[in-house]
Every structure is written in structure tokens, then in C-alpha cells.
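FYI, it's all coordinate maths here, none of it is from the lab. Note that the structure is predicted; figures quoted are calculated from it, not measured. Note: ideal-geometry Cβ built from the backbone for every residue, glycine included; neighbour counts use all protein chains shown.
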Amino acid sequence: MDLLTMSKEELSRLEVMERLQAKRMGRRTAAEILGVSVRQVKRLIRAYRREGAAGLVSKQRGKPSHHQLDREMVRAAIDLLKGRYADFGPTLAHEKLVELHGMKLCLGSVRKIMIEEGVWKAKRARRLEEHPMRERRACIGELVQMDGTDHDWFEGRSERCTLLVMIDDATGQLGALSFVPEESFFGYCRLLSQYLAAHGRPAGLYTDRHGIFRVNMPNAGSGDNLTQFGRAMQSLGIPILCANTPQAKGRVERVNETLQDRLVKEMRLRGINDMLQGNAYLPEYIADFNRRFAVQPRSSLDVHRPLLAHQNLEQILAWQEPRLVSKNLTVQFKNVVYQIQTDRPAYALHKVRVTISQDVQGKVTILYKDSPLDYTVFQKQARQSEVVTAKQVDRVLLNQSKAHTPAPNHPWRIPISVK
């Protein structure tokens, strides 16, 4: 006696066919129960009368599916996934296979292939920590998050550097990106200049508690307790909000993680090996990123504001420090003594307060009542100890270790013989 294997759906069909055979049910009722047409019920009745229960079993069982993937395409995909895209995640790998190689594969199929071939392994879900959810702002430009992330962006092909990021809170759009050696006042000024040129002044900036944005020690800053960046933002009418924890600015933190994965791989595929090439590619990447991941804001209102006529961006985004002119008409700034040149009597500028301004290119301007004064460099003092922030320690020590290589005959290289 042969055993017949049937699915639950086929067992239901058998029960309905037995009722039809016994005339305890009509064909229309049977069609409604089985979810098929009356014509299909007639076919099932004929198959049941001819072959019995075996006539209700699918003839496709044990045979390959008509919807299976083409073997040659799967083989080509495996070659690419194990070669060119070996460390890619399923989502990014699927995008490249479809966009660059024209393969008609869905994301689920790519993920299944990667798991079966051992190219990718699903991560165990972490236990989620509960953090209060902060709803996105409603309008574009209402709040822009700014952060810097240090990473080996070029995978050893160039020095480790930092990517500065600005992202709109309402839409998740990247507003500006810039590769810099490290987080600095001038680095963020260049980034902000890009953003202002493309979008205008945002209603607010959301940052961390880095010393560039906030005076973290009471009475350590200037009289108004503002950093240089804070002073510049005050002149532009852009308030700075500092987050207490990384989770508070979670959107820019998550974007940093995404960039450390996707941007690194995109630059590898394009043969981009240093910051200069990377910065040239970033506008193209920003446009592609925003097309894929930006969301619609709740409001169509754009609250960005244009620069005002009196706001000189070049002067505002410069390092400014006040100084008192000495009896000899000299001022000191960053270990350099400047001699002021003027046709006025010396006593006219004695003990007056001037502002020394240094722009992004390093050009120094001495301003008196917002007018520049002529000067000559009188003396450059010896370099003294520098103040290094906690975020810069690793980079400074790494560069110092590479600054000098001992000669082949240096005593350090001569092995010590022990008798």
C-alpha cells in the first residue's frame, strides 16, 4: 500500500470533494470555501473521480520551481559577492549588483545567497536600551545637526582623518560633508561656508559638547564666555544647542555609522585614495545619499534665512582676539610680534584696543574700529608647548612617531651584544 503525502490545503480539497461526491454541497459553495472559481472546482471533481485523492496532489511537487533564479546569474553574483563585494552588507551589495551589473535580483535573494555562501552572517539582535524618542522637527532648516567622526576613511591608502557632517533633522538630508585632518575651528568654518552657500542660515545648530562649540570650564573663555565658533554663530544669528549625551543627537550618530560603511566602500570602488580626491567626490555622494534616504518633512516650509547685507562671512568666520597696543605700537598674536605702521603720532594708538583676525588661509589682519591697520612682522618667538584636546591626542602622538626616522647607523639600530 502506497503512502500519499498531502498538504493542509490538499486535505481541505479532499474533504470538499467528498462532500460534493455525496451531494451534500453545491459547486458554488465549494468554490467559495476553496477560494477558486467554479470552473476550477469542476476540474478538481474530474481529477478526483479519475484518480481519487492522488488527483488532488500538486503535480509540481518534487520538481524545480518555475520561478527559480537563473543559475548563470547566481554564479556571476556569487563571484562578485566573494570578490569585489566581499565585505559589503546585503543592502549595499544588492544596490551595486542591480545598478552596476544589471542583475535582476531582489534584496531577499541577495541576502539568501550571501548567507548560504558564508559571505555574510546576520548579527544577533542587541538588547535595545530605552531612550526617549525625540520627534523630528517639522520644517527644513529648523534644526541642523553637526558632528565630526574620526575613522580610517581610506582603509590605509592615506592617513587617518576626520569627516565633518551636517544633516537636517527634519528630512535626514546631508547638508554638507568635508574631510579634514582633525576637528578644528577652521574646519567647521569651511563646512559651514559650504552649507550657507547651498541652503542659507539654519534656525539652529545641534552639536556635542566639544570645546570648539562650548566653554566647558567656567570662567575659562572670554568675558562673554563664548568660544570662537560660538562668537561667529552669534554674529550670524544661529543659536547653538549642545547635546548632553551621544544618544540625544542620535540621527547624526547613525548617519556617521552609515557613512563609515557605505562611503568607505564607494571610495574604494572609485579608487579614491586621499582627502583631496575624497572632498571632490563628496558632492556627488551627497546627492545620491539624499535621493536614497531623505524623508518628507511634516511641513513644506523652509526656514533657512539668507545672509544679511552687513554680515561679512569672511570676517565673521575668522579667528578673532582682542589686543592692547603697546607703547612701541606692537601687538603679539600666536608667538608673533607685529609692528603697526601708521602716519599718526605714536600716542594716538597707545593702549588702544584692536582686534587681530586670522582667516581660513592664515592671513592676519589687525582691525581698529573695523578698519585694517598696516603692519610688519617684528619678531617670531620660539615655539612653546601646545595645548592638545583629548580628541587630538592620538593623532598628535601618531604624527610625532612618524615625524623622524632614525638613520641606519643610529645607536638605536645597533644591536647590543651580551657577553
Around Met25, what is the net charge, scoring Lys/Arg as +1 and Asp/Glu as -1 over all other residues with Cβ under 15 Å from its Cβ?
+4
Place +1 on the Cβ of every Lys and Arg and -1 on the Cβ of every Asp and Glu in the chain, take the dipole about the Cα centre, and give the residue among Gln361, Leu259, Tyr375 whose Cα lies farthest towards its positive end.
Leu259
Please state the equivalent ellipsoid semi-axes for segment 1-138: what are the square roots of 5 times the Cα gyration tensor eigenvalues, largest first, in whole Å?
47, 24, 15
Select from Asn409, Pro239, Cys139 the residue farthest towards the positive end of the dipole of the chain; place +1 on Cβ of Lys and Arg, -1 on Cβ of Asp and Glu, and compute about the Cα centre.
Cys139
Fewest-first ordering of Met233, Met146 by Cβ atoms within 10 Å yields Met233, Met146
More than 18 angstrom separation, counting every C-alpha pair in segment 8-56; what % is that?
14
Where does helix 107-116 land angle-wise versus the long Cα axis of the chain, in degrees 0 to 90, nearest 10?
90
Measuring from the longest principal axis of the C-alpha atoms of the chain, the long axis of helix 275-293 (C-alpha) lies at a number of degrees, nearest 10, equal to 40
Counting Lys +1, Arg +1, Asp -1, Glu -1, what net charge surrounds Thr149 among other residues with beta carbon under 9 Å of its beta carbon?
-4
If you rank Val36, Val295, Val325 by fewest surrounding Cβ atoms within 10 Å, what's the result?
Val295, Val36, Val325
Environment charge at Val325 (Cβ cut-off 14 Å; Lys +1, Arg +1, Asp -1, Glu -1):
+4
If you put +1 on each Lys and Arg Cβ and -1 on each Asp and Glu Cβ, how big is the dipole of segment 318-380 around its Cα centre, in Debye rounded to 20?
220
Cross-link pairs beyond the 27 Å C-alpha cut-off, checked among Lys123/Lys249; Lys82/Lys249; Lys121/Lys249
Lys82/Lys249; Lys121/Lys249
Answer in debye to the nearest 20: the dipole magnitude of segment 1-132 about its Cα centre, from +1 Lys/Arg and -1 Asp/Glu charges placed on Cβ, is 780
Specify which residue in the list Met114, Pro345, Leu307 is farthest towards the positive end of the charge dipole of the chain, using unit charges on the beta carbon of Lys, Arg (+1) and Asp, Glu (-1), about the Cα centre.
Met114
Could you please rank Phe185, Phe88, placing first whichever residue has the fewest other Cβ atoms within 10 Å of its Cβ?
Phe185, Phe88
Select one label from (i) 21.3, 67; (ii) 34.5, 123; (iii) 30.9, 104: the one whose number is Rg and Dmax of the Cα atoms in Å as derived from the coordinates shown.
(ii)
Angle check, please: helix 8-21 long axis (alpha carbons) against the longest principal axis of the chain (alpha carbons), in degrees 0 to 90, nearest 10.
30
About its Cα centre, how strong a charge dipole does segment 208-286 have in debye, to the nearest 20, once Lys and Arg get +1 and Asp and Glu get -1 at the Cβ?
120
What is the distance in Å between the Cα centroid of segment 235-275 and that of segment 305-384?
35
